[in-house]
1. Of the listed pairs 86/106; 71/166; 86/107; 106/166; 111/166; 20/106, which have alpha-carbon separations greater than 19 Å here?
2. Summing Lys, Arg as +1 and Asp, Glu as -1, what charge do residues with Cβ under 10 Å from the Cβ of residue 158 carry, residue 158 excluded?
3. With 10 angstrom as the radius, rank 116, 21, 76, 82 by how many other C-beta atoms surround their C-beta, starting from the fewest.
Amino acid sequence: MNTDDTVLEFGSENEPRVKKRVIHPVACFFHLFFRVSALVVYLVCGLTTAGFVSSFIAILLLLSADFWTVKNVTGRLLVGLRWWNKVDDDGKSTWIYESRKPAAMKKHPVKPAESRIFWVSLIVCPLIWLFSLFGLIFGLNVKWLAVVIVALILNSANLFGYIRCKFTSRKQIGSLATKYIGSQIFNSMAGGTQEETNTPVSSETF
């Protein structure tokens, strides 16, 4: 992929250029807001006599907003990763897992605080929904079963996608390092007469 990476620094237009622990506060907020709100609405409505249909719709809307936000916005801004699906002219579907280009990563490095916010919430929320699923099954409460299953699927899809992105980026770094070391050894054995060749950029970067 040859598209240029774009990083939006929300809320920092009029502030001095200083090192910050969080440079995307709005992205961090919405990364947590939708998924936490869905859990809160589910827990509150499960303990009260609130209308099931309205609660069901509200939770699904929050889950959908969370899935779209995490998949398309916060993953790219907070950790430099993204995953998406491409359908070619023949109708073949391909899942693509990408990491930010090394040059862009040096210019806009991932902040440890933002990375922790991203990964902790990405892992913890599916676990909470999973425990809720077991609770409903053992408690023979099928009323909220559909909501919890949908929540678990959407949360797990983002978790799986970004884990694939993470491992793919590490494999790329290892592959590039292996190719570079191998080429250096080969050139040394050949007497250093061969010109160094550039390793092509992987298609799994953006």
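1. On the way: 86/106 28 Å; 71/166 14 Å; 86/107 28 Å; 106/166 17 Å; 111/166 16 Å; 20/106 16 Å.
Checking Cα-Cα distances, 86/106; 86/107 exceed 19 Å.
2. Values: positive: 35, 71; negative: 66.
Result for the neighbourhood of residue 158: +1.
3. 21, 116, 76, 82
Quick note: the coordinates plus some simple rules give every number you see, no bench work behind them. Note that this is a predicted model, so its numbers are computed, not measured. Every residue, glycine as well, gets a Cβ built from its backbone with ideal geometry; the counts of neighbours run over all protein chains shown.
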